[in-house]
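Here the structure is laid out as structure tokens; the discussion comes afterwards.
The values are calculated or read from the model by the stated rules, or taken from the named source; none is laboratory data. Predicted model, so just to flag it, every value in this text is computed and none were measured. Cβ: placed from backbone, ideal geometry, glycine included. Neighbour counts: every protein chain shown. Side chains included, ligands, DNA and RNA excluded: accessible areas come from the protein's heavy atoms. Shrake-Rupley method; radii C 1.70, N 1.55, O 1.52, S 1.80 Å.
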Amino acid sequence: MIKEQIEKTIIQTYMEKFPVSKELHKKLINYIPGGATRSLSYFKPYPLHIDYAKGAYVYTHEGHKLLDVTNAYGAIVHGHGDDDIVKAVQKGIVKGSQYSSPSDGQYKLAKLLCERVPGFDRIRFLNSGTEATMFALRTARAYTGKNKILKMSGGFHGTHDCVAASTKKNIITAGIPQGMTQDMLEVPFNDFNQLEKTVKENADQLAAVIMEPFLGAGGVVLPESGYLEHVRKITQDYNVLLIFDEIFSFRVDLGGCQKLFNVIPDLTTVGKVIGGGLPIGVFGGKKEIMNIYCHENTDKPLYHSGTFNGYETVMQAGFAALSKYDENKIAYINKLGNKFQKGLLKSFKTNNLNIQSNQIGSLLNLHFVNKPITTPEQVLESVDKLHTLMHLSLLNKGVFNIPRGLFILSTAITEQEINFLVNKIDETLKELLPLIKEKYNYLMAS
Ligand SMILES: Cc1ncc(COP(=O)(O)O)c(C=O)c1O
């Protein structure tokens, strides 16, 4: 009964507040199935349509200003329409957006990345994170002559066939040929023994282990002490390559998580922030491995091409974004993340709630689970209904957020805005409390 009341009020408020989105959605579904060209953008009763964005805010067609804590799922780190990035894009476009030849922008961004990321001796550009992990796997297979790949359950590496199967609880694997995944092995993140056992048993055929240093899309689950070092040692012992997918995690440190944890993989993928909010992907690693693409090293280099690879305007935007994402900015945004975490934990306590918030730097995931989260299985226990209602309720309160409780900050956000964010989440939790007490009482602290 309480559930129905709360749900009804939240949905009704959303529909009253965002009527133009409904109209636009109705028009769009005539051309795009579901009215969203990205599965994650869809939610019920209908997705929010944004008119424009600037700095820390997005603005809806109804004229509402919402604090953006989605930041394009992590692709934007300096807020929207950052002056330096806009200038770089404008300057780049005027000079011709793409030449299909090596360019100054490629040199500048490649040099910066290789100087910063310990695992990068050589890199190659492509257009998305999905492409980056696809090529990292192909590189590992080509270099080692082995076929199998081991990934972590709960890990996310994009949408290409090899990695798309069985990464999430709701994943639909129809359309992925069985043969695609027969060479994929999976162990739970943070499970020391299973990793060691599986690598040992498959070493002859295992080309690589691919993993995020912490589960990003999978709930911001951090590695247990010594886990990354363990994976590094086991892969080295059994002559298996280690790939860090840092597409999400890169932003936590100047050289990504590998620098933060001082564990250096053989191959690395990055994307998102390094394109300054424009589409990009990068894979790279040790010189001797990446040389399989080098025309000056072999008569038959591995083929890697793409119409938009190294797109000059993206390179200039990425260089502008990354140049100013320096130690000071990273310290600032990570401090914001810590303040956010502190505020949330206080709110949980004052509301007598035993729920979780996993945070590293500017990334935070709230979980409706009553024990600290260290495994991907625990993430799946979080209550979908509460996430759905919290998401809509926060939109109603002026916070543009990701439905599953993931919050991503930008350097355009101030401490005052973190206070606002914490207050709005606190208000939402208070709104949901009667429902939690009625249906999910195990989430209340005793
Ligand atoms: C760790 C990780 N790898 C790969 C991807 C896929 O990147 P893209 O969406 O650019 O294809 C993502 C996207 O969220 C990601 O977080």
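Here are I292, I264: which of them is outside any helix (DSSP H, G or I), aliphatic (A, V, I, L, M) and away from the ligand (no atom under 16 Å from the Cβ)?
Of the residues listed, the single one that is outside any helix (DSSP H, G or I), aliphatic (A, V, I, L, M) and away from the ligand (no atom under 16 Å from the Cβ) is I264.
Quick one: in segment 3-12, of everything that is loosely packed, with under 14 Cβ neighbours inside 10 Å and of a type outside the set (D, E, K, R), which residue is nearest to K385 (Cα to Cα)?
Q5
So which helices (runs of 4 or more DSSP H) stay within segment 308-394 end to end and still have 3 or more residues that are open to solvent by 10 Å² or more (accessible area, probe 1.4 Å), outside the structural domain of L109 (by TED's automatic domain parsing) and out of contact with any Leu (no Cβ under 7 Å at 6 or more places or on another chain)?
Helices (runs of 4 or more DSSP H) meeting the threshold: 327-350, 376-380.
Within segment 246-276, work out how many residues are within 30 Å of V86 (Cβ to Cβ), buried (at least 24 other Cβ atoms within 10 Å of the Cβ) and not aliphatic (A, V, I, L, M).
Of the residues in segment 246-276, 13 are within 30 Å of V86 (Cβ to Cβ), buried (at least 24 other Cβ atoms within 10 Å of the Cβ) and not aliphatic (A, V, I, L, M).
Check whether at least one residue in segment 170-177 is exposed (fewer than 15 other Cβ atoms within 10 Å of the Cβ), in contact with an Asp or Glu (Cβ under 8 Å, 6 or more places away or on another chain) and not hydrophobic (A, V, I, L, M, F, W, C), and report yes or no.
yes
Rundown of residues vs (1) assigned by TED's automatic domain parsing to the domain that holds L406; (2) open to solvent by less than 80 Å² (accessible area, probe 1.4 Å); (3) within 25 Å of G271 (Cα to Cα); (4) within 16 Å of the ligand (Cβ to nearest atom), yes/no style:
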position: Y14; (1), (2), (3), (4): yes, yes, no, no
position: K27; (1), (2), (3), (4): yes, no, no, no
position: Y31; (1), (2), (3), (4): yes, no, no, no
position: T37; (1), (2), (3), (4): yes, no, yes, yes
position: S41; (1), (2), (3), (4): yes, yes, yes, yes
position: L67; (1), (2), (3), (4): yes, yes, yes, no
position: T70; (1), (2), (3), (4): yes, yes, yes, yes
